[in-house]
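To start, the structure itself, in structure tokens.
Taken together, the values in this text are just the output of simple stated rules run on the coordinates, not laboratory data. As the structure is a computational prediction, the values presented were derived from the model and not from experiment. Backbone-built Cβ (ideal geometry, glycine too); neighbour counts: all protein chains shown.
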Amino acid sequence: MRVNLSVKIGKLKLKNPVMVASGTFGYAEEFKGFINLKKLGAIVTKTITLNPRRGNPPARTCETPSGMLNSIGLENPGLGAFLKDKLPFLEKLGIPIIMSIASEDGPKEFIELVKRLDKLKAVSALELNISCPNVMGQKSLISQDCQATYSIVKSIRRMTAKTLITKLSPNVTCIGDLAKAAEDAGSDGLALINTLSGMSINTEKQNPRLAAVVGGLSGPAIRPVALKMVWEAYNKIKIPIIGMGGIIDTPSALEFFIAGASAISIGTANFINPRVSVEIISGLGGYLKRKKIKDIHSLTGSLIYES
Amino acid sequence: MLQIKARIISNKWFKGNCWHCIVSAPSLGRASKPGQFLNVKISEGLKPFLRRPFSIHNISGGKLEILYDVVGEGTRVFSGKKSGNYLDLIGPLGKGFDYRGTRGKRVILIAGGIGVAPLLFLSKEIKSRDKLVLIGARTRDQVLCEKEFQNSGSGVMISTDDGSLGFSGRVTDLLKNIISTGKKGRGAIQLYACGPGPMLKEVCNIAMANNLQAQVSLEEHMGCGIGACLGCVVKTKNGLKRVCKEGPVFDAKELIW
């Protein structure tokens, strides 16, 4: 039996629904010795800002139960260096490249970024990172406010026909409202979820394990939270959801589809098993065959329960 | 760079808090250079969750050795592994020591505690006839690898913080003594060091003050170990650098402490 793993998000066609999440895969070159990158459904780049960013001081990571905290602080070489040094390698892979972008200066910088990226063929889609918890000094995230989310997505939507994916934060009261705001503003898809805010303390020294004190929690520890948010958003919106948060193997990937995701992203698990993404691609195919499901679409939101 | 499942040949208590693991990994061994490291998936479960980086301690006949202190949950689980178990290894990773051109030089290796781990492999590869290893530890029961360094053709001097063996005081004070009493005009001295942060900082200071070449191997918490997550950065004169990729070995002149 042949199964169909291809999915569509906006105008973006993916041969399979498995991507790698922003910030966990570098600019892909780091992983070329481990897997055939061409097998991936798509690659989401580490977030790029207009200007280079140094990021946060070390220590930037620490392990926590079934997960890890990070406070990298969006370190990146800036748009110019990305286009010159990183994009050519990605472009040659011939698979969709989703460029994650963030702004240090509200809507203005987003608009400047989109202006410069709109005509670039090598960039297949844009992921709007309005949910990074690690920018020191910021009081709140764009994605913690429905109106701010709506307005930024709307202003970018007006500027480009490229597929737009909005990455949302789980650090909110009602994810459904934020998801709806992004959909109403014209987002083609949603990436759910970014990391959860957290901290960890060294009790001997009585100091925080991260120099920035707080960071973003990822890994299997956050999977139940992520799943619930995908499910809630799925019940409120019609655009496709890219589910992520603690996926480490095929069963955990399947959970997200059943909860309502159309595609999934592998994040922190790339650090532990650099081959996990391609293992999951074949695992999904195997599951569909075994369950005699012809198309991965039929799995999305297929949760069976009595309400 | 390889990712392999390596069979544990032995994993035994070594001394003090320190354990010694030997795995069968011929392909990895052939590819490895002193100062490079392995990123080890210790458990198949989630405890510990991330891989743990370990220096390559020694390589002989297809066998690869890891020397490690049991300091936390990851290394505690590691110490419970038995011969016949497997470890998922990624390596060799990072940039190791540069020891080209050491043949005619005086070479001093400075190890603090478990910092001996990468230096034994280095000592075996350095062809200089004038090799000296300074092994520093808190107390005599924690002095590691004295015999192994001697067998590698190095002279060995020991320092303990409590004076229970060898020089009484810090290994960096021993280093200062050796440099200041060294014969004038004896030629260049090259330093290599691995150990706790404050010790390495002091080695760098000594090197700068005496105009000596020094390379130090740093340790940082790592997310991925392959340069993707930007978690393990340190401050250098050329901006932040990744310990896992541009390091773990850095030139003393480059680092900002």
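Treat segment B:1-107 as a sphere of radius equal to its Kirkwood radius over Cα pairs and apply Stokes-Einstein at 4 °C in a medium of 1.567 mPa s; give the translational diffusion coefficient in µm²/s, rounded to a whole number.
91 µm²/s
Mind giving me the nanometre distance, one decimal, between the label points for A:Ile293 and A:Arg275, set 7 Å out from Cα along Cα→Cβ?
The two pseudo-label positions are separated by 2.5 nm.
At a Förster radius of 25 Å, what calculated FRET efficiency corresponds to the Cβ-Cβ distance of A:Leu303 and A:Asp177, to the nearest 0.05?
Efficiency at R0 = 25 Å is approximately 0.75.
How high is the FRET efficiency between A:Ser6 and A:Asp184 when r is their beta carbon distance and R₀ equals 22 Å, given to the nearest 0.05?
The calculated FRET efficiency here is 0.20.
Just for the protein assembly as shown, what percent of DSSP beta bridges are antiparallel, to the closest 5?
50 percent
Calculate one ³J(HN,Hα) per residue across segment A:104-114 by plugging θ = phi - 60° into the Karplus curve 6.51 cos²θ - 1.76 cosθ + 1.60, and present them in order as whole Hz with x for glycine and proline.
9, 9, x, x, 4, 6, 4, 5, 4, 4, 5
Give me the distance in nm between label points sitting 7 Å out from Cα along the Cα-to-Cβ direction at B:Asn151 and B:Ser180, one decimal.
The answer from the label model is 3.6 nm.
Taking only the alpha-carbon atoms of chain B, what semi-axes of the equivalent ellipsoid follow from 5 times the gyration tensor eigenvalues under a square root, in whole Å, largest first?
In descending order the semi-axes read 29, 20, 17 Å.
Would you mind checking which residues have amide H under 5 Å from A:Ser200's amide H? H placed 1.01 Å from N; only 5 or more apart, or other chain.
A:Arg209, A:Leu210
Could I have the simple spin-label model distance between B:Ile9 and B:Glu125, label points 7 Å from Cα toward Cβ, reported in nm to one decimal?
Inter-label distance under the simple model: 1.9 nm.
Treating the Cα atoms of chain A as identical point scatterers in vacuum, please give the log10 of the normalised Debye intensity I(q)/I(0) at q = 0.09 Å⁻¹, two decimals.
Values returned for q = 0.09 Å⁻¹ are -0.40.
List residues of segment A:192-209, by number, whose backbone nitrogen lies under 11 Å from a label position 7 Å along Cα→C-beta of B:Trp257.
Hits in segment A:192-209 for B:Trp257 at 11 Å: none.
Where both partners of a DSSP beta bridge lie in chain B, what percent of those bridges are antiparallel, to the nearest 5?
60 percent
Residue by residue through segment B:238-249, which ³J(HN,Hα) values in whole Hz follow from phi under the Karplus form 6.51 cos²θ - 1.76 cosθ + 1.60 (θ = phi - 60°), with glycine and proline marked x?
9, x, 6, 10, 7, 4, 6, 10, 6, x, x, 8
Are there trypsin sites (Lys or Arg not before Pro) in segment A:83-147 that DSSP puts in a loop and that have at most 16 other Cβ atoms within 10 Å, and which ones?
For trypsin sites (Lys or Arg not before Pro) across segment A:83-147 that sit outside H, G, I, E and B with at most 16 neighbouring Cβ atoms in 10 Å, the list reads A:Lys119, A:Lys121, A:Lys139.
Which residues' amide hydrogens lie under 5 Å from the amide hydrogen of B:Thr139, considering only partners 5 or more residues apart or on another chain, with H built in the peptide plane?
Distant-sequence amide H within range of B:Thr139: B:Asp161.
What trypsin sites (Lys or Arg not before Pro) in segment A:223-270 are in a loop by DSSP, with at most 10 other Cβ atoms within 10 Å of the Cβ?
Within segment A:223-270, the qualifying trypsin sites (Lys or Arg not before Pro) (loop, at most 10 other Cβ atoms within 10 Å) are A:Lys238.
Return the long-range amide H neighbours of B:Ala193 (sequence gap of 5 or more, or a different chain), with a cut-off of under 5 Å between placed amide H atoms.
Excluding prolines and chain starts, which carry no amide H, the hits are B:Ile110, B:Gln215, B:Val216, B:Ser217.
Quick one: Karplus J couplings for segment B:63-71, per residue in order, coefficients 6.51, -1.76, 1.60, θ = phi - 60°, nearest Hz, x for Gly and Pro?
Here the 3J(HN,Hα) series is 9, 10, 10, 10, 10, 9, 8, 7, 10 Hz.
Within 10 Å of each candidate Cβ there may be at most 16 other Cβ atoms; applying that plus a DSSP loop requirement, which trypsin sites (Lys or Arg not before Pro) in segment B:53-118 survive?
The qualifying sites are B:Lys82, B:Arg100, B:Arg103.
With the Cα gyration tensor of segment A:16-79 in hand, convert its eigenvalues to equivalent ellipsoid semi-axes via √(5λ) and list them largest first in whole Å.
23, 18, 10
Set the Förster radius R0 to 45 Å, insert the Cβ-Cβ distance between B:Asp162 and A:Phe89 as r into 1/(1 + (r/R0)^6), and round the FRET efficiency to 0.05.
Once the sixth-power term is evaluated, E becomes 0.25.
So if I average 1/r over every pair of distinct C-alpha atoms in segment A:2-146 and take the inverse, what Kirkwood radius in Å does that give?
When all Cα pairs of segment A:2-146 are included, the Kirkwood radius is 16.4 Å.
Per the Kirkwood definition applied to all pairs of different Cα atoms, how many angstroms is the hydrodynamic radius of the protein assembly as shown?
Answer for the protein assembly as shown: a Kirkwood hydrodynamic radius of 25.1 Å.
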